[in-house]
Amino acid sequence: MSKIAIIGATGRAGSQLLEEALRRGHSVTAIARDTSKIALRAGVVTRNVDALDAQALQAAIAGHDVVISAAHFATLPASAVIGPVKKAGVKRLLVVGGAGSLLLPDGTRVIDSKGFPAEYKAEASAGGQFLQHLREEKDLDWTFLSPSAEFVEGERTGTFRIGQDDLLVSSAGRSWITFADFAIAMLDEVETPKHSRQRFTVGY
């Protein structure tokens, strides 16, 4: 079993990653500015940390096998995560990605498509920059998992498809994944790495 640190553990994706990791018997350090809503139970240590405080973040993640970043890209740039992870001596970084940098059938990015919601543009753009920083990273063993276009609350089915850089669309024409099923795909990657130094995606 692994020691996993989750940055942004109180968010919608982070909280499901926490649940999935515990379900599988891993020990988790849940990191957020305010972890008070995380229930105290076996296997979880909480750390109240401002992730932009590089020294505090480094101290919180030291000694872990894997760091998963589930923080918003617009508030936590790549350098704020990569630097502390490397200085802490953690070898693997997995990132909850975005769909904006995924590719459409014509080879263009989702973020550049007509009708992409303006309110998501800043976060999606920051996510693309984060991915680019990872691709330029020489030392870290990283993985960036992009959800489908709709990243939503819903049931944990365990049934989904895995892709690489292209947006996954269901037979009904919808591109979506629940936070719970996304967490399964991410923890599968933690336990059995198949996408070292790669981005991949998950959807129905």
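The values are calculated or read from the model by the stated rules, or taken from the named source; none is laboratory data. Bear in mind the structure is a predicted one, so any value in this text is a computation, not a measurement. Note: ideal-geometry Cβ built from the backbone for every residue, glycine included; neighbour counts use all protein chains shown. The accessibility values were calculated without ligands, DNA or RNA, using every heavy atom of the protein model including side chains. Shrake-Rupley method; radii C 1.70, N 1.55, O 1.52, S 1.80 Å.
Remark: the GLU153-ALA118 segment gains 10.4 nm on full extension, using 0.36 nm per residue and subtracting the alpha carbon distance. Calculated from the alpha-carbon coordinates, the range 10-75 shows an Rg and a Dmax of 11.4, 33 Å respectively. Using a cut-off of 19 Å between Cα atoms, the listed pairs LYS87/LYS194; LYS3/LYS37; LYS87/LYS138; LYS91/LYS194; LYS3/LYS138; LYS91/LYS121 include LYS87/LYS194; LYS3/LYS37; LYS3/LYS138; LYS91/LYS121 as exceeding that distance. Where both bridge residues fall in the range 64-204, DSSP classifies roughly 20% of the beta bridges as antiparallel. Seen from every direction in turn and averaged, the convex hull around the alpha carbons of the range 3-203 projects onto 10.8 nm². Take ASP53: with every protein chain present and a 1.4 Å probe, its accessible area is about 70 Å². Run down the aspartates and glutamates and flag those whose C-alpha is under 20 Å from the C-alpha of LYS114, throwing out any fewer than 8 positions away in its chain. Cα-Cα hits under 20 Å: ASP106, GLU123, GLU150, ASP165, ASP166.
Heavy-atom surface analysis with a 1.4 Å probe gives the chain a carbon and sulfur content of 50 percent of its accessible area.
What the chain shows is 48 Å² of accessible area per residue, with the surface traced by a 1.4 Å probe over protein heavy atoms. Largest mean-square fluctuation among ALA56, ALA30, ALA183, in a Gaussian network model of the chain whose springs join Cα atoms under 10 Å apart, belongs to ALA56. Hey, quick one: spin label on SER125, modelled 7 Å out along Cα-Cβ, who in the range 87-119 has an amide N within reach, i.e. under 17 Å? Those under the cut-off are 98-102, 109-119. Computed on protein heavy atoms with a 1.4 Å probe, the accessible areas place VAL169, VAL90 in the order VAL169, VAL90, largest first. Each other residue within a Cβ distance under 11 Å of GLU137 adds +1 if Lys or Arg and -1 if Asp or Glu, for a net charge of +1.
Across the protein chains, with a 1.4 Å probe defining accessible surface, the residues GLU189, GLU136 rank GLU136, GLU189 from largest area downward.
Among SER69, SER148, SER125, the largest mean-square fluctuation in a Gaussian network model of the chain (Cα springs under 10 Å) belongs to SER125.
Annotation: the range 95-182 has a Kirkwood hydrodynamic radius of 13.9 angstrom, from the mean reciprocal C-alpha pair distance.
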